[in-house]
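The values are calculated or read from the model by the stated rules, or taken from the named source; none is laboratory data. Treat the numbers as computed from the prediction; the structure is a model and nothing was measured. Positions of Cβ are backbone-derived with ideal geometry, glycine not excepted, and every protein chain shown enters the neighbour counts.
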Amino acid sequence: MLLNLDSQFTPYGTENTIEFTSFTFSGGEPHIKISTDLKNTHEVTITHRIQSFHDMGMLFLATNALRNMDVKTLHVVLPYFPAARQDRLMVSGEPLSVKVYTELMNAQQYASVTIFDPHSEVAPALLNNCKVINNHSFIKKVTQQLSEDVVLIAPDGGALKKIYKVANYLQKHEVVECSKSRNVTTGQLTGFKVYADDLQGKDCLIVDDICDGGGTFLGLAKALKAKNAGNLYLTVSHGIFSKGFTELEKQFTKIFTTDSFKTIENAHCVQIPLEELLRK
């Protein structure tokens, strides 16, 4: 049986789904009531897209409700794992947020937790029974829509290991490394560097896991164009796009993402559903 907590995200389809109603009390507490009879149901997979602590709370309430109905085995699919970027302590007084989220998840004793293209190796290491789906098939679907000689761009050191694995999987794309400088105290980006003398007009595809406000990619786009890049494309596994697409559209011919975080309606953005990747 399936419990899709986000009605717009049904990666395993809508057959054998559990019916429920949910709402938020006036005091701010989320609530769920499962209406499907689950007698003799011993295993359920819960899918959800987490955008807030409220969403995480709904997941835990659903977990408790299912256990109260005597469901013994629970699997969870959370393509975007929250706080994965807060995976190290940089400034005194801040939390190690990913540890907080993983401890909350581990306390639920799920049989498995499936995540897609995590920001680093920290979240999978901290999560019990974690299953990771890499971004290889996603990037392959993107490159099939672009020129055969498109160059893969690693925006920073954190993306290097993953982009070389992708390049090895695809077996036909050059990789160009880049770096960025950031003020640790303020979080402000202070500069970008492209480790190529001349891109010779080749199309470039920046590959990363998350786009939030987009500042990294806007700054990098200018640095790439200064090195004679051709058309610029951006692909991110998790599209938050908290500042919209207006500025990104000025720099990138096309933007690619999945539906791991939210459903997007924008003519400039191609959203590839995760359904085929999660069914593997």
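Brief remarks follow.
- Residue match in segment 153-168 (condition: surrounded by 14 or more Cβ atoms within 10 Å (Cβ to Cβ) and part of a strand (DSSP E or B)): yes
- Residue pairs meeting the criteria (Cβ under 6 Å; at least 6 apart or on separate chains; first in the same structural domain as Asp117 (by TED's automatic domain parsing), in segment 70-95; second assigned to a loop (DSSP other than H, G, I, E, B) and at pLDDT below 90): Met90/Val184
Here is a yes/no grid of residues against (1) in contact with a His (Cβ under 9 Å, 6 or more places away or on another chain); (2) touching a residue at least 60 places away in the same chain (Cβ under 8 Å); (3) of a type in the set (Lys, Arg); (4) crowded, with 20+ Cβ neighbours inside 10 Å:
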{"residue": "Tyr195", "(1), (2), (3), (4)": "no, no, no, no"}
{"residue": "Leu218", "(1), (2), (3), (4)": "no, no, no, no"}
{"residue": "Ala221", "(1), (2), (3), (4)": "no, no, no, yes"}
{"residue": "Gly239", "(1), (2), (3), (4)": "no, no, no, yes"}
{"residue": "Gln251", "(1), (2), (3), (4)": "no, no, no, no"}
{"residue": "Asp259", "(1), (2), (3), (4)": "no, yes, no, yes"}
{"residue": "Glu265", "(1), (2), (3), (4)": "no, no, no, no"}
{"residue": "Glu275", "(1), (2), (3), (4)": "no, yes, no, no"}
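- Within the option set Val91, Val71, Val100, being modelled with pLDDT of 95 or more, assigned to a loop (DSSP other than H, G, I, E, B) and farther than 30 Å from Ala196 by Cα holds for one residue only, Val71.
Residues are listed down the side, and each one gets a yes or a no for (1) farther than 18 Å from Gly230 by Cβ; (2) modelled with pLDDT of 90 or more:
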site	(1), (2)
Tyr164	yes, yes
Val175	no, yes
Arg182	yes, no
Gly201	no, yes
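- Contact map, segment 197-209: first residue free of Cβ contacts under 8 Å to residues at least 40 places away in the same chain and more than 13 Å from Leu146 (Cα to Cα), second residue of a type in the set (A, V, I, L, M, F, W, C) and surrounded by fewer than 11 Cβ atoms within 10 Å (Cβ to Cβ), Cβ cut-off under 9 Å, separation 6 or more or different chains; the map is empty.
- Qualifying residue in segment 226-235 (condition: surrounded by fewer than 22 Cβ atoms within 10 Å (Cβ to Cβ) and over 24 Å from Asp149 (Cβ atoms)): no
- Single residue of segment 128-149 satisfying the filter (of a type in the set (A, V, I, L, M, F, W, C) and over 25 Å from Val176 (Cβ atoms)) that is surrounded by the fewest Cβ atoms within 10 Å (Cβ to Cβ): Val132
- For segment 113-127, residues that are assigned to a loop (DSSP other than H, G, I, E, B) and either crowded, with 16+ Cβ neighbours inside 10 Å or touching a residue at least 24 places away in the same chain (Cβ under 8 Å) (or both) total 5.
- Condition met for Ala65 (touching a Lys or Arg at 6+ places or on another chain (Cβ under 9 Å) and at positive phi): no
- The set of residues in segment 44-68 that are among the hydrophobic types (A, V, I, L, M, F, W, C) and either modelled with pLDDT under 95 or part of a helix (DSSP H, G or I) (or both) comprises Phe53, Met56, Met58, Leu59, Phe60, Leu61, Ala62, Ala65, Leu66.
- Enumeration of residues in segment 155-180 that are touching a Lys or Arg at 6+ places or on another chain (Cβ under 8 Å) and of a type outside the set (D, E, K, R): Pro155, Tyr169, Leu170, Cys178, Ser179
- Remark: pairs (first residue in segment 142-153, closer than 20 Å to Gln271 by Cβ; second residue of a type in the set (Asp, Glu) and not in a helix (DSSP H, G or I); Cβ separation under 8 Å; 6+ apart in sequence or on different chains) = Leu146/Asp203; Val150/Asp203.
- Long-range neighbours under 7 Å by Cβ, at least six apart or interchain, first residue within 16 Å of Phe23 (Cβ to Cβ) and touching a residue at least 40 places away in the same chain (Cβ under 8 Å) within segment 52-66, second small (Gly, Ala, Ser) and surrounded by fewer than 17 Cβ atoms within 10 Å (Cβ to Cβ): Met58/Ser22
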